[in-house]
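Here's the structure we're looking at; comments come further down.
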Amino acid sequence: AIANDGLGPAQIKDIIYQFGGDCISMIDPDGGISRTNYYKVENALRARFITDIFSFQIPNTSPAALTTRGQVLLPGTIIAVGKEIVLFRIDDTSLETLKGKLNALEMNFHESLLEKFSALALTLPISIKFCSMSGKYCKIVEPEGDNGKHCKFKP
C-alpha cells in the first residue's frame, strides 16, 4: 500500500514502476495515461506477488486459483491524510484457500515463502513524485530497483 502520513492531502504527479529492469511510465508521450503500460504493470504486480512465489504444486492437494485485487496508482490520484491505497492483495474469497495450501507445507518452506512475499512487498520499485494540493511542497522518491537501476523522472 501507499499511505499518506503527511499533514494534508497528497496528489500523485507522476509515477514510474520498475519490473524486470524496465522503467514503465504511466504517462505516454502525448501526456495521457498509457493503457498499454497500465496492463503491463497490473500483470507485473500479479506475477511479482503470486506467480513468482506460489508457482509450485503442493503434494496431495488439488490446484486452486487465487483471486487477487490490485490497483495501479496513476498520476492525478489524490490520497487523503491518514489514508492508503492498496496496490495488491489476495481477495478475501481466496484467503482460506491460500491458508490451507500454506498449512500443507513444511514449516520452514512456509516461512520462507512468507518472508519472500514480505521482502518483495517492502521493496516494490516504484518511483513516485507527489505534491501537496497547493503544489508548494513536492517530494520525489526514486528507490533502487531489483537490478540496482534507478528509474528517474524527466525534468
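Taking residues in segment 3-22 that are touching a residue at least 60 places away in the same chain (Cβ under 8 Å) and closer than 15 Å to Glu142 by Cβ, and partners anywhere that are hydroxyl-bearing (Ser, Thr, Tyr) and not in a strand (DSSP E or B), the pairs with Cβ atoms closer than 9 Å and at least 6 places apart or on different chains are Ile12/Thr77; Ile15/Thr77. The residues of segment 71-95 that are in contact (Cβ under 8 Å) with a residue 24 or more places away in the chain, under 27 Å from Lys40 (Cβ atoms) and open to solvent by 50 Å² or more (accessible area, probe 1.4 Å), listed by number, are Ile78, Lys83, Glu84, Val86, Thr93. Among the strands (runs of 3 or more DSSP E) confined to segment 6-88, the ones with at least 2 residues that are at pLDDT 90 or above and either among the aliphatic types (A, V, I, L, M) or touching a Leu at 6+ places or on another chain (Cβ under 8 Å) (or both) are located at 10-19.
Residue by residue through segment 127-141, note down the ones that are surrounded by 11 or more Cβ atoms within 10 Å (Cβ to Cβ), part of a loop (DSSP other than H, G, I, E, B) and without any contact (Cβ under 8 Å) to a residue 24 or more places away in the chain. Tyr137 - this is the single residue of segment 127-141 that is surrounded by 11 or more Cβ atoms within 10 Å (Cβ to Cβ), part of a loop (DSSP other than H, G, I, E, B) and without any contact (Cβ under 8 Å) to a residue 24 or more places away in the chain. Taken over segment 100-126, the criterion of being surrounded by 15 or more Cβ atoms within 10 Å (Cβ to Cβ), part of a helix (DSSP H, G or I) and of a type outside the set (A, V, I, L, M) is satisfied by Lys101, Phe117. Only one of the numbered conditions (1) closer than 30 Å to Asp22 by Cβ; (2) modelled with pLDDT of 80 or more; (3) touching a strand residue (DSSP E or B) at 6+ places or on another chain (Cβ under 8 Å) is violated by Met133, and that is (1). The lone criterion from (1) open to solvent by less than 50 Å² (accessible area, probe 1.4 Å); (2) in a helix (DSSP H, G or I) left unmet by Phe153 is number (2). Of the residues making up segment 1-46, those that are among the small types (Gly, Ala, Ser) and open to solvent by 60 Å² or more (accessible area, probe 1.4 Å) number 3.
For first residues located in segment 96-115 and free of Cβ contacts under 8 Å to residues at least 60 places away in the same chain and more than 15 Å from Phe49 (Cβ to Cβ), partners that are part of a helix (DSSP H, G or I) and open to solvent by less than 100 Å² (accessible area, probe 1.4 Å) and lie 6+ apart or on another chain with Cβ distances below 6 Å form the pairs His110/Leu102.
The values are calculated or read from the model by the stated rules, or taken from the named source; none is laboratory data. The shown structure was predicted, so the numbers you read here are calculated from the model rather than taken from an experiment. As a convention, Cβ positions derive from the backbone with ideal geometry for all residues, glycine included, and neighbour counts pool all protein chains shown. Ligands, DNA and RNA are stripped out before the accessible areas are found, and what is left, the full protein with its side chains, is counted by its heavy atoms. Shrake-Rupley method; radii C 1.70, N 1.55, O 1.52, S 1.80 Å.
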